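The values are calculated or read from the model by the stated rules, or taken from the named source; none is laboratory data. None of the values given here were measured: they were computed from a predicted structure. Cβ: placed from backbone, ideal geometry, glycine included. Neighbour counts: every protein chain shown. Calculation scope for accessible area: heavy atoms of the full protein, side chains included, ligands and nucleic acids excluded. Shrake-Rupley method; radii C 1.70, N 1.55, O 1.52, S 1.80 Å.
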Amino acid sequence: MKYGHLILTNLFRKKTRTALTAGSFAVALFLFGILAVVRGAFQQGVEVAGADRLVVVNRVSIIQPLPLAYRDRLARIPGVTQVTFANWFGGVYQDERNFFPQFAIDRETYRQMYPEFVIPDDQWQAFLGDKEGAVVGEALAERFKWKLGDRLPIKGTIFAGSWEFNVRAIYKGRRVQDDETQFWFRWDYLDERKQFRKGNVGWYTVRIDSPDSAVRVVKAIDELFANSPAETKTDTEKAFAASWVKQMGNIELLITTIGSVVFFTLLLVTGNTMAIAVRERTRELAVLKAVGFSDPFVLVLVIVETIVVAAVGGGVGLGLAKLFTLRGDPTGGLLPFFYLPASAIVSGLALALVVGLLAGILPAFSASRLRIVDALRRI
Amino acid sequence: MVQIDGRAAGESLVRARGLGKTYQRGGEEIHVLQGLNLDVDAGEFIAFMGPSGSGKTTLLNLLGGLDVPSEGSVTVAGDEITRMSARKLTTWRARHVGFVFQMYNLIPVLTAFQNVELPLLLTGLSKAERRRHVETALTVVGLADRMRHYPRQLSGGQEQRVGIARAIVADPTFLLCDEPTGDLDRKSADEVLDLLGRLAGEHGKTILMVTHDPLAAERAHVVLHLEKGVLVDTVTAGRAR
């Protein structure tokens with residue numbers, strides 16, 4: 001580290017310029033972090049999808065129901081080991097802005113189908129014993145300060161009327177990316193009260209004996225219900241989640257485009273700043289070379305300076321992004337998985353270093369190629 | 001002994017033979033130095049004088065390996081530097097040449113100590129050894145009490161003395177001084193010249209100095225005159241001898 005003070009003193013010679021350059025990296029990497037979080041939020045369903053679960057929906061549209069009678073027929077298909085079903089509810093709690101997903105679930109099978117959601121046994125028993133019982137995710141409970149025993153009024157939109165539920169259980173996700181913002185209640189309660197489509201469910205989820213059986217079972221299910229009044233469309237859970245994301249537009253392309261523009265601009269701005277910094281130090285760099293510092297040394301010196309600025313600025317930006325995400329979803333439930341994973345932080349830092357390297361390489365190259373006698377002559 | 005006729009017997013410390021430098025400017029060839037011969041023995045204090053554009057600084061640059069000649073050769077302590085690769089020349093400069101510039105050329109964000117330490121960073125010396133060398137060099141130039149000062153906190157004369165400390169700290173074979181007093185008042189210039197005189201007289205340093213100042217040249221052992229790129233005569237100066 002005997003050259004450390006050379007790098008540091010050069011960085012601090014124009015404190016404002018260094019701070020602004022590092023600030024540019026901080027802003028860009030903060031944006032990168034947030035874009036990574038948004039991307040993750042949209043992709044979360046795809047990433048956590050079970051490899052051995054299939055989703056069966058009505059071929060016409062997901063909003064069209066499927067008969068409850070399909071449950072037993074699905075269970076008899078070779079390769080299917082478990083079947084559950086659920087129904088979208090779409091009620092409003094106090095205000096339309098308080099969005100969270102609400103599902104009427106099959107109380108007998110839903111918990112077994114989704115072991116990633118952990119529910120204490122006593123709470124689950126309480127839920128089973130109360131027709132108006134509800135299970136809520138921990139994040140959702142925290143958001144609205146709900147606790148066990150609370151009675152919640154929800155206004156139906158698809159299924160009109162005032163509905164009331166008792167919080168009987170609070171679930172936690174096993175993994176950090178598991179969605180803890182869902183609200184479940186008993187499908188039998190929904191079916192009993194609703195005025196239409198009785199005996200129908202929204203979709204089925206089936207577990208298969210092995211992910212390798214997926215193609216065969218998907219085909220078997222859709223063939224079984226072909227030419228029936230409610231034909232099915234079956235997909236793996238991952239493909240089903242991905243199709244949801246796709247319906248919202250090409251989020252990936254949007255994020256990549258924004259990120260690319262930001263980083264390209266950052267590259268130009270930083271490259272220009274470093275070129276000015278090198279030009280100002282022409283005579284000093286010539287002196288270094290005159291006293292025996294080599295061309296490669298000067299090259300590395302300038303590049304390291306840029307990389308240090310990039311690393312510090314990038315680190316600050318990613319740190320701020322992480323802090324921002326720790327406060328949870330700022331959209332009021334639209335992005336339940338609002339989390340900046342370590343892999344995104346590592347990618348962001350690597351990106352900052354690459355931009356730093358690219359921004360510094362041209363000025364560094366010109367510094368290393370300075371002719372001493374020409375540089376010393378310049379005022 | 002200094003000779004400019006190219007007929008020196010024996011091995012001189014610095015030897016130039018047929019040295020020439022030609023620049024292209026707007027399609028025109030400008031011969032800055034032409035067929036110059038020079039032999040300088042160790043311990044000499046030489047001053048180069050001459051009108052502007054006579055090739056003094058160019059000669060110094062060639063002798064210090066900062067520039068390459070269009071023709072001829074330069075040999076220092078047996079090494080022909082005009083045949084060295086750029087990389088080897090850089091290493092050679094670090095070991096053999098101490099530069100003193102007219103504008104001092106100190107790094108403004110480094111202290112006097114750190115400026116003087118710069119050439120030693122290229123050596124394998126430990127931190128403690130580097131510190132000892134730097135303190136010695138700054139003591140020689142009379143600035144031991146200004147080690148922690150930045151260039152902006154020093155007078156012009158003091159800055160130049162830091163520059164000289166930087167030039168001598170690695171104990172180079174010879175010093176090349178380009179107008180070392182050109183930017184100083186008379187008093188500071190005298191202090192710097194006294195110092196250079198002591199380095200030559202007491203420490204046996206070989207010094208090649210370019211100057212416009214006759215009083216500065218008077219401190220040298222020998223004054224060489226350049227005109228239109230040719231060494232025209234030598235004058236043995238008085239005071240330093």
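Once every DSSP H run of n ≥ 4 in chain B is given -39500 (n - 2.57) and the sum is divided by its residues, what mean residue ellipticity at 222 nm do you get, rounded to the nearest 500 deg cm²/dmol?
Roughly -9000 deg cm²/dmol at 222 nm, from the helical runs in chain B.
Could you state the angle between the C-alpha long axis of helix A:342-368 and the longest principal axis of the C-alpha atoms of chain A, as a value from 0 to 90 degrees rounded to the nearest 10?
The angle comes out at about 20 degrees.
Which trypsin sites (Lys or Arg not before Pro) in segment A:300-379 pass both tests, a DSSP loop state and at most 12 other beta-carbon atoms within 10 Å?
Sites meeting the loop and neighbour criteria: A:ARG327, A:ARG369, A:ARG371, A:ARG378.
Excluding B:GLN153 itself, what net charge comes from residues whose Cβ is under 11 Å from its Cβ, given Lys and Arg +1 and Asp and Glu -1?
Counting the neighbours of B:GLN153, the net charge comes to +2.
Run the reach check for B:LYS187 against lysines, Cα to Cα strictly under 17 Å, same-chain hits fewer than 8 apart removed. What comes back?
Correct list for B:LYS187: empty, as no lysines qualify.
Under the definition of Cα pairs under 8 Å and six or more residues apart, what whole-number percent is the relative contact order of segment A:159-278?
10
Could you work out the mean count of beta carbons from other protein chains within 10 Å of each residue's beta carbon in B:94-106?
Per residue, the average neighbour count from other chains is 3.
Averaged per residue, what accessible surface does the protein assembly as shown expose to a 1.4 Å probe, in Å²?
46
Hey, got the dipole for chain B? About the Cα centre, +1 on K and R Cβ, -1 on D and E Cβ, debye to the nearest 20?
That gives chain B a dipole magnitude of about 720 debye.
I'd like the carbon and sulfur percentage of the solvent accessible area for the protein assembly as shown, probe radius 1.4 Å, heavy atoms only, ligands and nucleic acids excluded.
Summing carbon and sulfur atoms, their accessible area is 57 percent of the total for the protein assembly as shown.
Among A:LYS14/B:LYS21; A:LYS172/A:LYS219; A:LYS145/A:LYS198; A:LYS2/A:LYS322; A:LYS15/A:LYS289; A:LYS147/A:LYS246, which pairs are too far apart, with a Cα-Cα distance over 32 Å?
Beyond 32 Å between Cα atoms: A:LYS14/B:LYS21; A:LYS172/A:LYS219; A:LYS145/A:LYS198; A:LYS2/A:LYS322; A:LYS147/A:LYS246.
Relative contact order for segment A:60-230 using alpha-carbon pairs under 8 Å, separation at least 6, rounded to a whole percent?
35
Which loop chymotrypsin sites (Phe, Trp or Tyr not before Pro) in segment A:132-189, with loop taken from DSSP, have no more than 15 other Cβ atoms within 10 angstrom of their Cβ?
Passing both the DSSP loop test and the Cβ count: no residue.
Quick one: Kirkwood hydrodynamic radius for segment A:60-230, alpha-carbon pairs, angstrom, one decimal?
17.1 Å is the Kirkwood radius here.
Full-extension gain between A:ARG371 and A:GLU223, please, as 0.36 nm times their residue separation minus the C-alpha to C-alpha distance.
Here the answer is 45.5 nm.
To the nearest 100 Å², how much accessible surface do chains A and B hide from each other in total, with a 1.4 Å probe?
Using a 1.4 Å probe, the pair buries roughly 2100 Å².
Report, for segment A:60-230, the % of DSSP beta bridges that are antiparallel, rounded to 5.
In segment A:60-230, approximately 70 percent of DSSP beta bridges are antiparallel ones.
Considering all projection directions equally, how large on average is the shadow of the alpha-carbon convex hull of the protein assembly as shown, in square nanometres?
Spelled out: convex hull of the Cα atoms, projected over all directions, averaged, 40.6 nm².
Could you pull out the chymotrypsin sites (Phe, Trp or Tyr not before Pro) across segment A:65-133 that fall in loop regions by DSSP (anything but H, G, I, E, B) with no more than 16 other Cβ atoms inside 10 Å?
A:PHE99
With both partners inside chain B, how many of the DSSP beta bridges are antiparallel, as a percent to the nearest 5?
60
Out of all DSSP beta bridges in the protein assembly as shown, what portion is antiparallel? Express it as a percent rounded to 5.
Bridges in the protein assembly as shown that DSSP calls antiparallel: roughly 70 percent.
Report the FRET efficiency, 1/(1 + (r/R0)^6), for A:MET1 and A:SER347, where r is their Cβ-Cβ distance and R0 is 25 Å, rounded to 0.05.
Step by step, r from the Cβ atoms, then E = 0.35.
Under a no-solvent Debye model with one identical scatterer per Cα of segment A:194-255, what's log10 I(q)/I(0) at q = 0.14, 0.19, 0.20, 0.26 Å⁻¹?
-0.60, -0.89, -0.93, -1.12
Kindly state, as a whole number, the per residue volume in cubic angstrom of the convex hull around the alpha carbon atoms of segment A:224-330. Don't jump to the answer; show the numbers that get you there.
On the way: hull volume 20.1 nm³, N = 107.
Normalising the Cα hull of segment A:224-330 by residue number yields 188 Å³.
Is any residue of segment A:190-212 close enough, with backbone N under 20 Å, to a label point placed 7 angstrom from the Cα of A:ARG73 along the Cα-Cβ axis, and if so, which?
Within reach of a label on A:ARG73: A:197-208.
Could you work out the Kirkwood radius for segment B:138-241, taking every pair of different alpha carbons, averaging 1/r and inverting it, reported in Å?
After inverting the pairwise mean of 1/r, the radius is 14.4 Å.
Using a ≥ b ≥ c from the Cα gyration tensor of segment B:46-160 (square roots of the eigenvalues), is it rounded, prolate or oblate, where a/c under 1.5 gives rounded and otherwise the larger of a/b and b/c decides, a/b for prolate?
oblate
Tell me, what is the FRET efficiency for A:THR81 and A:PHE324 to the nearest 0.05, using R0 = 51 angstrom and their Cβ-Cβ distance as r?
0.75
Report Rg (one decimal) and Dmax (nearest whole number) for segment A:140-243, counting Cα atoms only, units Å.
Both quantities, over Cα of segment A:140-243: 17.9, 49 Å.
Over the C-alpha atoms of chain B, what are the Rg and the largest Cα-to-Cα span, Dmax, in Å?
17.6, 54
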